[in-house]
Structure formats: structure tokens, C-alpha cells
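Here is the structure we will look at.
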Amino acid sequence: MSSKISGRVSPQPCPHLLDFCYRNGSNPFRALQDCIRVKQPGGRAAIRREPFEVPRCGTCDESSRPRLYACVACAAVFCHAPPLHSHASAHALSVPGHEIAVDVDRAELFCCACRDQVYDRDFDAAVVAQTITSTTSTSGSTVTQCKATGSQPDNLRKRRRVDYSLWAPNSRENAIIENHSIPLHDATNGSLISSTELPWGLRGLNNLGNTCFMNSVLQALLHTPPLRNYFLSDRHNRYYCQQKNGSTLNGSKNSRFCLSCDMDAMFSAVFSGDRTPYSPAKFLHSWWQHAANLASYEQQDAHEFFISMLDGIHEKVAKEKRKTHSPGTGDCCIAHRVFSGILRSDVMCMACGFTSTTYDPCLDISLDLEPNQGVSGKSSLAKSNNSCNVEADCMGSSQNCGISTLKGCLERFTRAEKLGSDQKFFCQKCQVRQESLKQMSIRKLPLVSCFHIKRFEHSSIRRMSRKVDRYLQFPFSLDMAPYLSSSILRSRFGNRIFPFGGDEQDACNEVSSEFELFAVVTHTGKLDAGHYVTYLRLSNHWYKCDDAWITRVNESIVLAAQGYMMFYVQKMLYYKASEKQAASWYDVRK
């Protein structure tokens, strides 16, 4: 049963921890105080060890597992790598009384039997005492001042989950770097660049536990020009929003999550000039509240997260305004102002020619890869300069061979197709079900077009799922005019004086049909064990965003990547020469 302490809910005590404390007296963690060290300047506590000592699991002898725990009873070190295995849990089950362990990197208690973190006041007191002792030796004046005022130092109020400190190479490391480095402009596979050379706002995002799907999409959104300008121009002020909704910044019982407020805080942090990786933990928590069915540390689909996140922003605004908006009109929220377009669907009766037309708003366009091109696709792939290692991937499975192009996928998406006999539609003119032709087109283009490639196939008949690793060619510049409803209708009916359902006039009012690529979200690996990475185009250079690591790469690396989501912005909104807000600012208000 949980209990409230100082207005906060404390977790239910662990029975194994209670048993351990009962067997080891009133202060069972007294001996651990001498084993705790505090790394300066971050103040993060860890288990003391020799400088060159690398802790390894006593069972598998691995040191790179997600977490390593030292048994409090016998000091043996074991790994914990769910869902694969947990040698720490195996040790606890095999030896009674050895359930409690301590994280060697974080000095946090862990119950190997319950497979969860546990908390003890005595242990926390030992850690705090050691932290105060270490802090006093380096900054005695600060501790003295805090004792006099009765407050705690900032680094004791809230410990950071991951500590990042600046690294400077010594003479030996400098020699290694000079002997094994090449100039950036001569690199073919990209090279790490210093933080001072990074464009403004380019900052790594910490992986919070299988959250690369979130980081990859957030990197693309953080550098979406209309979305970036909206938040940086204070169009959504989180302080005003929280005050208006009766919530506080530090959270309260009545506070409600707001993804727009979390996005505003994230934009402020990313564009603050700080280059240390940022942890979007608050945003993740708010998204979990919105999408409770996806709230876990398991790997999720980046496209599903993208749609769910935009839906969360829209849903919040719709509830506050107490009125419904048509997403396709782009006047409801910033998510739909930037990403929302309108698709047109024409279903024509093959008997009488009657056409039924429907319009649907969309936040992105999901595209099927073109059919397998067989040997010809493989041969052309080998001749491509941008193919890199794609041919080797294709040789592994004949189903994944061949080349698809983004333009070919769009042509296939807007091509008229005959519906099957089991999909006959009711013709209002014939008054019976007839065979029909269906054709999709784009009536209204969004400011930013997101194309989702269907790489994950699920078959309910075969009861299996697989990933399509086929290579996709995509251009840096894309003209969407051939896929507009006006162009397709003119291609079908020819030049006519009358407008076709208003789409002729809508096409003339489009800001631009030419788009520029600025972000590519890629997926590597298998269906159930993959990794998401984002490539960003900033200041006419490409950067690879792999969670907390930022790497500058060449265009050939981007073109050879396995694209999963591609973000194109209207050409008039893409700023090649400069990323400065003073030089270019777009008002997304209607």
C-alpha cells in the first residue's frame, strides 16, 4: 500500500528490502558509505573503484550491458539486460538473501527479485553524507552557506539521471587523433565535428531507454522551419498556458499535460546555445499520458509516435477552444497548420461513368514501395554512385531486391486502380453495386509534407510480419505539381474552361508546389530489433543525429540511407543561405 509523505506518494516497501534491513540491524548500509564516490563536477554518486578498473558481469564477463549491479551481500557484480536476460535476477533466485544490489554507476538500490528500483532512507542518507563530504572539499563555501540558510545545494536537490562532463584529450590521445584523422572536407564517411561548428539549435537528445523512435522524430520537428519559427517567436508561451489552465511549472495534482508546453520548453532548451545532450523526459511523460497504450520502455514505431504526438497537440487545443475545426483548413492548431493537407478520392463507376468524390484531411502520406524490379533493379543499383552497401543487403533476400523511387511511389499512389469484385461500390446513378476505378490525388498541399514509407508488412493470413529492406531513391528537390488534383483532372479530361470541383482554383492558390528535403528518418536492423536515426539538412550541410551523438556527413551517406520518413518543406520556406531568424520569419497565422 502506498502512503503520502509531504504531499507525495511513496512506493510500497519491497519485502526483500525489509527482510534485508531486518537481518542486518538498524543501519545495514553503514559499510557502503566508504564505497561511495562522487564524481566532480556533476556530483553524481557511484560505487568507488580503481581508475582503470572496468566492472564486468560475473556470469557473462560483459561490461557493456545496460546496467551492472553489485550484490550488497557478497559484492559480486552481475548484469541486468531485459528483456534478453538478467544474471542479477538469476543470482538472487539461486542464493537466498542476496536479492538487494546496488547500481555500480549510479549508486542506486535495486531489488533483483522484483526487478525494480527500491528506496531506503538509511542508504540515501549514506549517499547524501558522502556527497556533502565530497562537495565540502571542493566548494566548502557553498555548503557552509547552504547549512546556514537551511537549504540544500542545487546538485543535491535533484540528481541528473545521466551526467555529462566536458572531455579534453591528453597528449597521448592528441597524438592518436592526429595520426588517425583526416580533414572534414576529405572525409567520405563523415566525421565528428566540434560543438562550436554545429549550426544553431543542433543538439543531441539522450536515449531514455529505447526512445530512439522519439528522438528521431523530435529532431526533425525541432528543425521544421514553420514549427521552429512558431515556438521561437513565443506563439505558445508555456508559462501563460499553465497559468491559464491553473497549473504550476513544478506540477500539481490538478495540472494537465500539454504537449505544446513541453515542445515550447524543448525549443527553449535546444536553441539556448547549450551543446550538452538534452533529455526530453518531461515530453516523454506527457506523451505517455496522452497515449497510455504506448507507455512503456519498449521500442515503438516512429511514424506511430509522429501521428500520436500531433494528435495530442490538436486534441489539447480542441478541448480548450470548445469547438471543432476541420484539420484540412489548417486553422485549428500549429500541428495542422504545418502538416495538414487534403486528399481527394475519386471512385468512378465503370458502367455509367458516375464519379463519387470525397475529401479527407491528412497529416502525412503513406506510400507503398514499388513492385520488385528483379535483376534489372539490382544491376542498376550496382551502377549507382549513391548505393553504398545497399546491394549487399539486397542479396540477403530476393524479396528485398530492386530499387524504388519516391517519385515512382507517388505516381503509384495517384494512379487509377481497378477495385476488386469484392469491393464493388453502390452507384447512385445505376442504383446497384458496380465495379469501379479509384484514383487518389492531392487537393491541398501542406507547408511541410511528410512521406511515410511502408517498410513493415503484417499478414493476418500468414500470421507473420517482416520488414522490407528495399532501397529507396529520393530527391533533395521535389515538384508536387504532377500529383495535385488539378493536374490529374486535367490529364484525365484535358483543358476545360470549367473548374473541376473547385480544384482548379485551389491549385492556383497554392503557395508553392516545389519542396526541399530537410530531414530523413531512417530505420536500420530488423522488425523487432532496430534503431532510428535522423539526417538533418542545416545551412546546406547534412548532419546525422543518432540520439546524443551529432555527426556531419556527406550527401552520399544520406542518399544511401534506408529512408522511413522524409520531411519536405515548401521551397519558399526553406532557407539555404542562413538559419538566422532575423533573416527569415514566416507567420503561420491565417
Taking θ as phi - 60°, what are the ³J(HN,Hα) couplings along region 222-232 by the Karplus curve (6.51, -1.76, 1.60), each to the nearest whole Hz, with x for Gly and Pro? 5, 10, 7, x, x, 5, 4, 5, 5, 6, 6
Unsatisfied cross-links (Cα-Cα over 25 Å) in the set 424/444; 444/526; 407/438: 424/444; 444/526
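Readers should treat all values here as calculations from the given coordinates under stated rules, not as data from a laboratory. As the structure is a prediction and not an experimental result, all values here were calculated from the model.
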